[in-house]
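The values are calculated or read from the model by the stated rules, or taken from the named source; none is laboratory data. What you are looking at is a predicted structure, and each value in this text was computed from that prediction instead of being measured. Ideal geometry is used to build each Cβ from the backbone, glycine not excepted, and the neighbour counts take in all protein chains shown. When the accessible area is computed, the model is the full protein with side chains, heavy atoms only, and any ligands, DNA or RNA have been set aside. Shrake-Rupley method; radii C 1.70, N 1.55, O 1.52, S 1.80 Å.
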Amino acid sequence: MTVSPKKIVVTGAAGNIAYSLLWRIAAGDVYGDDTPVELSLLEIPQAVGKAEGVAMELSDSAFPLLHNIQITDKAEEAFDGANAAFLVGAKPRGKGEERADLLANNGKIFAPQGAAINGHAADDIRVLVVGNPANTNALIAQQSAPDVPADRFTALMRLDHNRALSQLAAKLGVATTDFDSVVVWGNHSATQFPDLTFATVKGEKVIDLIDQEWYVNEFIPRVANRGAEIIEVRGSSSAASAASAAIDHMRDWIQGSERWVSAAVVSDGSYGIDEGLVAGLPTVARDGRWEVIQGLDLNDFQRERIAANVAELKAEREAVASLLK
Ligand code: NAD
Ligand code: LMR
């Protein structure tokens, strides 16, 4: 049976994250080994030349599944008929900045892209926002696409999730795949809440194996501030790990995952998170949709941490009110 190609948009195609992300998509890591892909690279006019160079290298990699590469600075062309979109193109923060400091400049990118998705993408479009501040940028894009179901817009919490797993694996001397029911709630910011309350490792409760002091004073801030730590040590913001997490997110969304993962989705109002905010939640992916794990009992510590994220996301939403429909 011939499978028709899927069109995948990557914005910021000449940037650092894309330089890792594009190769994974072209290798079939999103839709699987039997689905050809067409790449659509969106850049600003000044970076189209560099994106052309990236496309030349992609061609030179002779990926059997890569059927076409389109390069443009026009959002309408880029998103025309798109099945999936990684919205990466945005400025990264530098040393000493918070991700929210990027909101004024980066926020403006996402309204026109959301509008172009609204008018041009395929019916099955799935959007993952990576560019920071990712949650609120995803909100802006979603609000600019009134004809697209809101659940097609998501933001990346999977990097935070993966960071949590790897810190835990190192602490307990086990594999990252040994954990279940880990979740990072809220905003992809230093306020995020990597939550171990429900986490298990090989069937045992993680909180019974670690001390509270390590959990609250080391683990949570370590995961939450890892982006800043990478910028400090590497000199620029995480790129390959972000690309890898973006692939994990989109692959699970399309192909399914019964293991809990963290995805920032449009809130349905559960867990005291205002309906409509784009927030990290515990999810599984079934039948091509993210399903939020419902009915969890939260303790006071969890409620407090989640509430801090809600307050921050609301303040970000307020700050970009002029960009929202
Ligand atoms: P980069 O500066 O290397 O590349 C960004 C690219 O985006 C540039 O080539 C730029 O020309 C392009 N761009 C800017 N405006 C655009 C527009 N309107 N349309 C299309 N392209 C546009 O940056 P990077 O390291 O690739 O990071 C990209 C973004 O991802 C940053 O905002 C960074 O903070 C964010 N990030 C998010 C996560 C996460 O977990 N959510 C992780 C790492 C980085
Ligand atoms: C990260 O978490 O590594 C990215 O969001 C980049 C940053 O600014 O921290």
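Tell me which residues, restricted to region 86-115, are part of a helix (DSSP H, G or I) and within 10 Å of ligand 2 (Cβ to nearest atom).
As a first pass, look at region 86-115 and keep what is part of a helix (DSSP H, G or I): 99-115.
Across region 86-115, the qualifying residues are Arg99, Asp101, Leu102.
Give the residue, chosen from Glu57, Glu98, Glu76, that is open to solvent by 60 Å² or more (accessible area, probe 1.4 Å) and closer than 15 Å to Leu21 by Cβ. Walk me through it before giving the result.
Values: Glu98 fails: closer than 15 Å to Leu21 by Cβ; Glu76 fails: closer than 15 Å to Leu21 by Cβ.
Residue meeting the stated conditions: Glu57.
Whether any residue in region 38-47 is under 14 Å from Met250 (Cβ atoms), open to solvent by less than 70 Å² (accessible area, probe 1.4 Å) and at pLDDT 95 or above is what I want to check.
Taking every residue of region 38-47 in turn, at least one turns out to be under 14 Å from Met250 (Cβ atoms), open to solvent by less than 70 Å² (accessible area, probe 1.4 Å) and at pLDDT 95 or above.
Within region 25-67, restricting attention to residues that are within 25 Å of the chain's Cα centre (by Cα) and part of a strand (DSSP E or B), which residue is farthest from Ala116 (Cα to Cα)?
Per the criteria, the residue is Leu66.
Test Ala264 against the criterion of being touching a residue at least 24 places away in the same chain (Cβ under 8 Å) and within 19 Å of the chain's Cα centre (by Cα), and give yes or no.
Against the criterion (touching a residue at least 24 places away in the same chain (Cβ under 8 Å) and within 19 Å of the chain's Cα centre (by Cα)), Ala264 qualifies.
For region 108-123, how many residues are within 18 Å of the chain's Cα centre (by Cα) and away from ligand 1 (no atom under 11 Å from the Cβ)?
2
Is region 17-28 home to any residue that is crowded, with 16+ Cβ neighbours inside 10 Å and within 19 Å of Asp124 (Cβ to Cβ)?
Yes.
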